[in-house]
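Asker: First the structure, which I've put down as structure tokens, then a few questions once you've had a look.
The values are calculated or read from the model by the stated rules, or taken from the named source; none is laboratory data. This one's a predicted model, so the numbers in the text were calculated from it and none came from an experiment. Backbone-built Cβ (ideal geometry, glycine too); neighbour counts: all protein chains shown. Quick note on the areas: whole protein, heavy atoms, side chains included, nothing else; ligands and nucleic acids left out. Shrake-Rupley method; radii C 1.70, N 1.55, O 1.52, S 1.80 Å.
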Amino acid sequence: MKTMIKKRWVIGTRGSGLALKQSTIVIERLKQVYPQFDFEIKIIKTKGDTIWDKPLHLIGGKGLFVKEIEEALLKKEIDIAVHSAKDLPVELEKGLMLGAVLEREDPRDVFISEVYKSIYELNKNAKIGTSSLRRKAQLLNINRDLEIIELRGNVDTRIRRMQERRVDAIILAYAGVKRMGFQNKIKEVLPVEIMVPPAGQGAIGIEIRQDEEAIELLKPIDHKMTRKEIEIERTLQQKIGGGCHVPLGINASVVEDMLNLHIMLGKENGEIIFKESFTCPINTSAGLIETIIKKMPNKSLLA
């Protein structure tokens, strides 16, 4: 017997422009399937939205953007939660699950500058704004003379600070730049071979309680191939460990039942400890993951 689905749903999200845009995208997808249902957005302020003067890895990592939203979900103040999949901890709170993942946008990073046309044209001591240890490690691996400036904030905030010449360039996720309508600012889309993205980048993840009604609601918008990619990335991230405290890039791409996987593990100073690419049939991905974990260097090398 098919589960009956209620007709009014409250969606929890952060209040940033990008978070609201992503929630709107989710509602649009749901409305295509359930035009008769009502969907309401509830903005929830997270700790990550209140501390802007410190690097994420020093104040608790990306989980700072989801904790309060998960609490609201568990308290049944909201029915579903919309996140950037890259912000989701690899271990969700007890009683919660990843209900759906929308079809992924391009997961790559982009180079934005009003001074330079390419990441390879950067002069000595050029100032690059980013708060990501992953980006910092890969940038310094390309050019050790760069000055990496701590820069957090929404997409439009970081672009504005660049325009004010606090920095010469910034690195952002293509997906966020596109969703916010700033594609015209992009000077270069960085290949995954050069800048390996983090697990989950480009995907919108929908978190729910382990509730049959919500599971049923989200089934039609769950993109199976994207979910498979995200699950592989999150599994590897969990096994490797470190979260955003370690410069770690993981990107899985599935094309015609073949898995292409890129992994980078480095140091904040630009030294790359492990960087490899793998290709295998998707149905052998579990074995590949175990092989990769065995090949990974001892974490003492990251000290």
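Asker: Listed residues Lys31, Lys86; which is at pLDDT 90 or above and open to solvent by 60 Å² or more (accessible area, probe 1.4 Å)?
Answerer: On the way: Lys86 fails: open to solvent by 60 Å² or more (accessible area, probe 1.4 Å).
Only one candidate passes the filter, namely Lys31.
Asker: Could you tell me whether any residue of the stretch 71-80 is farther than 22 Å from Asp222 by Cβ, in contact with a helix residue (DSSP H, G or I) (Cβ under 7 Å, 6 or more places away or on another chain) and without any contact (Cβ under 8 Å) to a residue 60 or more places away in the chain?
Answerer: No, the conditions are met nowhere in the stretch 71-80.
Asker: Let me ask you something else. Here are some conditions: (1) under 17 Å from Ile25 (Cα atoms); (2) part of a strand (DSSP E or B). Lys187 meets all but one. Which one does it not meet?
Answerer: (1) is the only condition that Lys187 fails.
Residue-wise test of (1) in contact (Cβ under 8 Å) with a residue 60 or more places away in the chain; (2) exposed (fewer than 15 other Cβ atoms within 10 Å of the Cβ).
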site	(1), (2)
Pro191	yes, yes
Pro197	yes, no
Ile204	yes, no
Glu216	yes, yes
Thr226	yes, no
Glu229	yes, no
Glu256	no, yes
Met264	yes, no
Gly270	yes, no
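Asker: Please enumerate the residues belonging to the stretch 277-295 that are open to solvent by 60 Å² or more (accessible area, probe 1.4 Å) and closer than 22 Å to Met195 by Cα.
Answerer: Ser277, Thr279, Lys295
So that you can scan it fast, the table gives a plain yes or no per residue for (1) acidic (Asp, Glu); (2) under 30 Å from Glu271 (Cα atoms); (3) at pLDDT 95 or above:
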position	(1), (2), (3)
Arg165	no, yes, no
Lys178	no, no, yes
Ile186	no, yes, yes
Val196	no, yes, yes
Ile204	no, no, yes
Glu207	yes, no, yes
